[in-house]
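Read the structure below first, then the notes.
The values are calculated or read from the model by the stated rules, or taken from the named source; none is laboratory data. Since the structure is predicted, the reported quantities are computational estimates derived from the model, not experimental observations. Here the Cβ positions follow ideal geometry from the backbone for every residue, glycine too, while neighbour counts run over all protein chains shown. Note: accessible area is taken over every heavy atom of the protein model, side chains too, but ligands, DNA and RNA are not part of it. Shrake-Rupley method; radii C 1.70, N 1.55, O 1.52, S 1.80 Å.
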Amino acid sequence: MRRNLELRRIFACLTMSFWASALLAAATPTQLELDHSADSNDSWLMTNKSYDGQRYVALEQINTRNASRIKEICTFDSGVLAPAQSSPLLYEGRIYFTAAQTTLAMDARTCKELWRHDWQLKGKMLSAVNRGVAMKEGRLVRGTPDGYLIALSMADGKLLWERQITSYEESHYLSMPAMIVDDTVVYGTAGADWGGQGWVGGFSLQDGTERWRYDALPKANTRAAATWGMPEALAHGGGSFWTPVAVDRAKNIVFIPVGNPAPDFYGEVRPGADLGTNSALALDVKTGKLLWSKQFVAHDTHDWDLSQTGPLLRAKVKGKLRNVMMVSGKDGRVRAVDRDSSATLYDIAISKQENGDQAATAQPTHVCPGLLGGQEWSSSAYDPKRGLLFSPMVNWCGMVRHDAAAPVHQVGVHFYGGKIEQDPIDQARGILAAVDVASGKLRWKVEAPAPMLANVTATSGGVVFAGDLKGTLYAVDADKGVVLLRYALAASAGGGILTYEIDNKQYVAAMSGSVSAFFGGGKESVKLTLLALP
């Protein structure tokens, strides 16, 4: 009798396990859908549309002949006063986005709120900025300002799991959009400006368990550590992860940008190249093994984070068909990099360059780009039909200097060791630049009266969508660089701009709000506006 009961229990457990696995396998979006995200016009499954980060959509209903006629359908106001830097995702008619520790779901046709989840802080935070979620198999995964990685139900926003991976006390917060590949969530820490020692990890999609970790800064007593001059400099040496990553799905390699060293402006306490910072990493997605690392800004004293390791593309450059990665950052430059060999194929300046080779000293020096110049968190787009990269940049300079004495690290205090006094904001300009990927030559530039901070999206209809700090949504002719539309959004544009088709209607979705305290702009709540042809 007892044996029969035990067998029944075992059978019941196996049956429940089978059905749980079956339900999980049936949950959407699936890995197959993620792998083909670039080909879908009715979804937007990751921050930059697809693993290669090209932000290109094969839609032509809105084109160069009629883009000037698109009108607002509705605007959703989240009511959350937070930096509006999130890039929304879209699946089965629902848009998902974040505003500080709030996560929201909205109807992609009507702007109707479907649910919201408010994360209750369990610890202190350094910054409330959040740049979005990742999705797979019924889960939304995101970081929180107080150091937790969490998963929410796509259906109703309920918390599925939480795992603390860092904290305020470690001079960290979590702001980057996650990336999910198979059952691994790729996520890293931000906080270099507070002296956090950055790292990126791979976590289980099922419960957030850490599987691997890669430290941005070199280990002590290595050749790379010697480039910091003094061993103690590594303890609070920075190296943030705060912007999107890209994935070579065929090889399961994730390409990750690493930010600035710390202290930001006082370079004498870290003499040398400061290897590990302002670098592009190529890591094995499953194991976190380093395949290669390349630094693009050595001994940075201007806070010139490397911010973009994408789009990934295949193109003929310098007479050879190559696997290419476009690399850019706050130094205002665009580079084409052979992602198999890590060789730089070309390097061109987009935003204004002045005194970039001069390290910060006690005497103020006018530098371009300044702290808030170049390419920020804003992602580029690539049009494979035209072979053009569309890069959003900021022309904004400033006076940089370091303090009279070396800074002492304190938890919760900016670890700057100096500052950049930005030029008056009315002198700041935005740039949308089109670069011919094969030749590395600039095809055209559009100048905006305010910093270009929104993610860019390109379409087969020949229209490129972008946005600026004054709250203008731009539709630009991809071939000519002619502005087809300037549309006034509810507030500053500093997050994602998407385009998609539902029920044979092409929509444009644009995030707006107060972008950042650094960029001014008042206290605006995070909003999402839908537009379409009348």
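Structure summary
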{"quantity": "Restricting the stretch 413-429 to residues that are out of contact with any Ser or Thr (no Cβ under 8 Å at 6 or more places or on another chain) and assigned to a loop (DSSP other than H, G, I, E, B), the residue that is surrounded by the fewest Cβ atoms within 10 Å (Cβ to Cβ)", "calculated": "P424"}
{"quantity": "Pair list, Cβ under 7 Å, 6 or more apart: the stretch 410-427 residue among the aliphatic types (A, V, I, L, M), other residue exposed (fewer than 15 other Cβ atoms within 10 Å of the Cβ) and at pLDDT below 95", "calculated": "I425/G520"}
{"quantity": "Whichever residue in the stretch 235-292 is open to solvent by 10 Å² or more (accessible area, probe 1.4 Å) and among the basic types (K, R) and, among such residues, is nearest to the chain's Cα centre (by Cα)", "calculated": "R249"}
{"quantity": "Number of positions in the stretch 297-328 that are free of Cβ contacts under 8 Å to residues at least 12 places away in the same chain and within 21 Å of the chain's Cα centre (by Cα)", "calculated": "0"}
{"quantity": "Which numbered condition L372 fails, given (1) among the aliphatic types (A, V, I, L, M); (2) open to solvent by less than 10 Å² (accessible area, probe 1.4 Å); (3) within 22 Å of F519 (Cα to Cα)", "calculated": "(2)"}
{"quantity": "Single unsatisfied condition, E232 versus (1) buried (at least 24 other Cβ atoms within 10 Å of the Cβ); (2) more than 23 Å from the chain's Cα centre (by Cα)", "calculated": "(1)"}
{"quantity": "Residues of the stretch 39-63 that turn out to be open to solvent by 10 Å² or more (accessible area, probe 1.4 Å) and outside any loop (DSSP other than H, G, I, E, B), as a count", "calculated": "2"}
{"quantity": "Complete set of residues in the stretch 490-513 that are among the polar types (S, T, N, Q), more than 18 Å from K470 (Cα to Cα) and open to solvent by 10 Å² or more (accessible area, probe 1.4 Å)", "calculated": "N504"}
{"quantity": "Answer residue from the stretch 179-198, given it is open to solvent by less than 10 Å² (accessible area, probe 1.4 Å) and part of a strand (DSSP E or B) and is farthest from D52 (Cα to Cα) among those", "calculated": "A190"}
{"quantity": "Residue match in the stretch 364-384 (condition: over 28 Å from F255 (Cα atoms), assigned to a loop (DSSP other than H, G, I, E, B), without any contact (Cβ under 8 Å) to a residue 24 or more places away in the chain and of a type outside the set (S, T, Y))", "calculated": "no"}
{"quantity": "Members of the stretch 171-216 that are in contact with a His (Cβ under 6 Å, 6 or more places away or on another chain) and at positive phi", "calculated": "G191, G195"}
{"quantity": "Output for the stretch 393-421, where each listed residue is under 25 Å from the mean Cα position of the chain (by Cα) and of a type in the set (A, V, I, L, M)", "calculated": "M393, V394, V413, I420"}
{"quantity": "First in the stretch 335-350 and within 19 Å of V435 (Cα to Cα), second anywhere and of a type in the set (G, A, S) and surrounded by fewer than 16 Cβ atoms within 10 Å (Cβ to Cβ), Cβ under 8 Å, 6 or more apart", "calculated": "V337/A343"}
{"quantity": "Residue list for the stretch 200-216, filter: open to solvent by 10 Å² or more (accessible area, probe 1.4 Å) and not hydroxyl-bearing (S, T, Y)", "calculated": "Q206, D207, E210, R211, W212, R213, D215"}
{"quantity": "Unique residue being open to solvent by 20 Å² or more (accessible area, probe 1.4 Å), modelled with pLDDT of 95 or more and within 23 Å of K49 (Cβ to Cβ) when the list is L533, L528", "calculated": "L533"}
{"quantity": "Matching residues in the stretch 458-479 - criterion: being surrounded by 23 or more Cβ atoms within 10 Å (Cβ to Cβ), part of a strand (DSSP E or B) and not polar (S, T, N, Q)", "calculated": "A458, V463, V464, F465, A466, G467, D468, L473, Y474, A475, V476"}
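To keep it simple, each residue is scored yes or no on (1) at pLDDT below 95; (2) open to solvent by 60 Å² or more (accessible area, probe 1.4 Å); (3) farther than 24 Å from N395 by Cβ; (4) among the small types (G, A, S).
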site: T309; (1), (2), (3), (4): no, no, no, no
site: V317; (1), (2), (3), (4): no, no, yes, no
site: A336; (1), (2), (3), (4): no, no, no, yes
site: S342; (1), (2), (3), (4): no, no, yes, yes
site: K352; (1), (2), (3), (4): no, yes, no, no
site: G356; (1), (2), (3), (4): no, no, no, yes
site: P364; (1), (2), (3), (4): no, yes, no, no
